[in-house]
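Before any comments, here is the structure.
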Amino acid sequence: MELNSLEQSFMFLGMNLVYAVIALVVSVIALILIDKYVFTKIDFIEEIKRGNIAASIFHSTILIFIGVVVAVSMS
């Protein structure tokens with residue numbers, strides 16, 4: 001069976017979507033594990049709720065770095 005250009009594009013789009021979802025799930029799980037085991041004395045979610053902008057920037061930076069690592073490892 002031979003695929004035309006449009007079918008190949010949709011196939012690659014679907015594969016990339018699956019990879020993105022997997023990377024997102026792995027990133028969130030890694031972020032939760034880092035919060036639970038590395039930063040045991042700091043509750044980032046509570047700090048963000050209280051308006052601590054530094055905690056939210058640090059938390060989002062960790063998530064970005066985890067996402068980059070997962071994306072690079074999947075490609």
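Checked against the criterion of being at negative phi, surrounded by 13 or more Cβ atoms within 10 Å (Cβ to Cβ) and outside any loop (DSSP other than H, G, I, E, B), the candidates 48, 57, 29 yield just one match: 48.
Here the condition is being at pLDDT 80 or above and either in a helix (DSSP H, G or I) or surrounded by 10 or more Cβ atoms within 10 Å (Cβ to Cβ) (or both); of 3, 13, it holds for 13 alone. Which pairs turn up if I take residues in region 23-44 that are within 11 Å of residue 59 (Cβ to Cβ) and look for partners that are among the charged types (D, E, K, R) and not in a loop (DSSP other than H, G, I, E, B) with beta carbon separation below 7 Å, at least 6 apart in sequence or on another chain? Qualifying pairs under 7 Å: 44/35.
The values are calculated or read from the model by the stated rules, or taken from the named source; none is laboratory data. This structure is a prediction, so every number in the text was calculated from the model and none was measured. FYI the Cβ positions are ideal-geometry reconstructions off the backbone, even for glycines, and counts take in every protein chain you see.
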